[in-house]
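First comes the structure, then the notes that go with it.
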Amino acid sequence: MNYNWNWHIFFEPNPTGAGTYLDLLVSGLWLTIKTALLAWVIALIFGTIVGILRSLPSKAASWVGFCYVEFFRNMPLLVQLFLWFFVLPELLPRAAGLWLKQLPNAPFWTAAIGVGLFMSARVAVQLAAGIASLPRGQKQAATALGLTTAQGYRYVLLPMAFRIIMPPLTSEFLNTVKNTSVAITIGLIELTGQARAMQEFSFQVFEAFTAATVMYLAINIIVVTGMRFLERSLAIPGYITGK
Amino acid sequence: MIEISHVNKWYGPSFQVLKDCTTSVAKGEVVVVCGPSGSGKSTLIKCVNALEPFQEGQIILDGIKVNDPKTDLPKLRARVGMVFQHFELFPHLRIIENLCLAQEKVLGRSHDEAVAKGDKLLERVGMKAHANKYPAELSGGQQQRVAIARALAMDPIAMLFDEPTSALDPEMISEVLDVMVDLAHEGMTMMVVTHEMGFASKVANRVIFMDKGEIVEDAQKTDFFGSPRSERAQKFLSKILSH
């Protein structure tokens with residue numbers, strides 16, 4: 001292989017005229033972090049609502065939850081992003097579609113919302129499983145004390161269910177970070193996008209993607225460490241899952 | 001206090017768990033419900049505070065119809081204490097917090113007020129030293145005593161016990177029964193599902209014997225232990241009293 005390694009490339013000025021190639025990658029890194037965090041917040045909020053719906057005794061509620069989950073988890077993420085970005089504006093009335101297309105930062109918002117909704121289906125399934133894993137008597141005890149259904153969820157069921165699903169939730173958080181890279185296809189120049197741009201400008205493909213890999217790894221190590229810390233601080237003395 | 005009349009309940013279209021159950025518990029009365037497993041005694045007691053719905057008949061609790069859609073069930077349930085076979089303390093809350101939760105969220109007591117009340121009741125069941133522990137750090141008997149204190153913290157007009165000692169080691173049974181006997185002597189209205197015939201003969205006013213969803217025998221304590229009228233009750237008693 002006739003490849004010209006050049007690890008100094010990161011400190012050479014990039015052709016956009018603003019800083020070095022490293023600056024290019026770091027700006028992509030920030031965009032990845034911003035997109036992932038917003039997507040994760042959306043995933044948690046919608047996942048919690050839908051997870052609760054799926055665990056309610058009401059047939060209508062669990063049917064709504066079922067449809068939501070199956071819609072978002074059975075379509076490839078790439079297709080979903082295309083749907084939101086290219087198809088949705090065409091389906092809306094002309095004025096609304098036009099407004100949507102002209103929104104500033106459209107790829108960012110589409111990616112965050114699209115990845116967030118995709119991940120929310122997974123969070124919902126896990127939360128519903130976490131709630132289902134609690135002894136039936138917990139809900140009965142809350143009800144018998146006079147707590148309403150909402151209070152029972154808020155003070156009794158959810159605090160335990162979230163503790164139980166903390167390890168798989170960590171994985172979903174990591175997946176959220178990694179899935180933001182799909183947004184390159186709708187023009188979001190995040191970390192993967194910047195690595196590709198660097199490759200195209202400098203032809204140093206291996207350096208560019210090595211750096212991107214290290215950066216993804218770094219984000220995810222921080223996520224794992226943070227979640228482990230959270231898990232520990234929420235552990236219940238004497239309880240089986242706690243230490 | 002508790003009027004149960006002609007209650008019928010089915011699981012699914014064909015399995016009838018309760019068959020035309022009629023009985024009552026007067027103010028200050030202690031009624032023990034016994035019978036073989038699967039006889040519907042737990043189901044019956046859970047119908048009293050509407051943890052289990054039933055299809056026919058009616059239950060009136062302190063003048064309020066339980067199976068009336070207009071009844072504010074959380075409010076009604078808050079006035080009846082319930083103790084479960086598996087304690088059902090909330091594992092993520094400290095003992096004192098377990099006692100305070102419903103006092104604050106349902107009765108609207110201030111935190112200080114709730115803690116004061118909780119402390120008093122923990123003292124009464126001999127658990128004050130454990131107020132800041134978590135449920136998983138206590139033995140079964142201790143957890144059940146806390147569960148009784150939690151129910152009492154709501155100032156209930158009646159207490160329902162669903163096999164409160166069935167999940168306990170023999171040596172822990174007496175510490176729980178002691179608390180229940182004290183409660184009975186103080187004039188608490190109690191409906192107790194239990195196999196503890198010693199407890200029944202000591203404090204019960206009446207004993208109800210159930211089999212296959214029916215109330216087979218509903219007699220004064222002395223009559224029940226002296227000469228039960230039904231053959232099934234005689235058989236049941238001879239089996240559990242022979243050892």
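The values are calculated or read from the model by the stated rules, or taken from the named source; none is laboratory data. Everything quoted here is computed from the prediction, not taken from an experiment. Neighbour counts run over all protein chains shown; Cβ positions are idealised from the backbone, glycine included. These area figures cover heavy atoms from the full protein model, side chains too; ligands, DNA and RNA do not enter into them. Shrake-Rupley method; radii C 1.70, N 1.55, O 1.52, S 1.80 Å.
Taking every residue in B:91-102 and counting other chain Cβ atoms within 10 Å of its Cβ, the average works out to 4. Taken as Cα centroids, region A:16-93 and region B:169-240 sit 58 Å apart, rounded to the nearest whole angstrom. Residue-normalised convex hull volume from the C-alpha trace of the protein assembly as shown: 219 Å³ per residue.
Close amide H contacts of residue B:57 (hydrogens built in the peptide plane, cut-off under 5 Å, sequence separation of 5 or more or a different chain): B:8. For region B:106-164 versus region A:155-208, the inter-centroid distance based on Cα atoms is 47 Å.
Of the accessible area of region B:117-188, with the probe set at 1.4 angstrom, what percent is carbon plus sulfur?
Details: 1180 of 2760 Å².
Whole-percent figure for carbon plus sulfur exposure: 43.
Take chain A and mark each of the chymotrypsin sites (Phe, Trp or Tyr not before Pro) that is in a DSSP loop with at most 10 other Cβ atoms within 10 Å; the longest unmarked stretch, sites excluded, is A:6-243. Residues in region A:194-204 carry Karplus couplings, in order, of 5, 4, 5, 4, 4, 4, 6, 6, 10, 6, 8 Hz; the curve used is 6.51 cos²θ - 1.76 cosθ + 1.60 with θ = phi - 60°, and Gly or Pro positions show x.
What does the accessible area per residue of the protein assembly as shown come to in Å², with a 1.4 Å probe and no ligands, DNA or RNA counted? It would help to have the intermediate numbers written out before the result.
Details: 23150 Å² over 486 residues.
Per-residue value: 48 Å².
Which loop-located GluC sites (Glu not before Pro) does region B:158-240 contain, where loop means any DSSP state but H, G, I, E or B and the Cβ has at most 12 other Cβ atoms within 10 Å? Listed in order of number, the matching sites are B:186. Thinking of chain A as a set of Cα atoms, what percent of all their pairs are more than 22 Å apart? When every Cα pair of chain A is considered, 63 percent fall beyond 22 Å. Taking trypsin sites (Lys or Arg not before Pro) across region B:192-228, the ones in a DSSP loop with at most 16 further Cβ atoms lying within 10 angstrom of their Cβ are B:212. Seen from all directions on average, region B:1-160 presents a Cα convex hull projection of 10.4 nm². Here the alpha carbons of region A:13-148 define both size measures, Rg and Dmax, at 20.2, 68 Å. Gaussian network model of chain A, Cα springs within a sub-10 Å range: biggest mean-square fluctuation belongs to which of A:134, A:91, A:56? Most flexible of the set in this elastic network: A:91.
Before rounding to the nearest 500, sum -39500 (n - 2.57) across all DSSP H runs of length at least 4 in chain A and divide by the residue total; then give [θ] at 222 nm in deg cm²/dmol. Please list the in-between numbers first.
On the way: 12 runs with 171 residues, N = 243.
Calculated from helices alone, the mean residue ellipticity at 222 nm is -23000 deg cm²/dmol.
Given a 1.4 Å probe and no ligands, DNA or RNA in the count, how much accessible surface is buried by B and A, both sides, to the nearest 100 Å²? Intermediate values should be presented prior to the final figure.
Numbers: alone 11390 and 13780 Å², together 23150 Å².
Chains B and A together bury roughly 2000 Å² of accessible area.
Other protein chain C-beta atoms within 10 Å of residue C-beta, averaged over B:48-55: 2. A cut-off of 5 Å between modelled amide H atoms, ignoring neighbours fewer than 5 places along the same chain, links residue B:40 with B:213. Of the solvent-accessible surface of chain A, computed with a 1.4 Å probe and all protein chains present, 69% belongs to carbon and sulfur. Between the amide H of residue B:17 and those of B:9, B:10, B:11, distances stay under 5 Å, these residues lying 5 or more places away or on another chain, with hydrogens modeled in the peptide plane.
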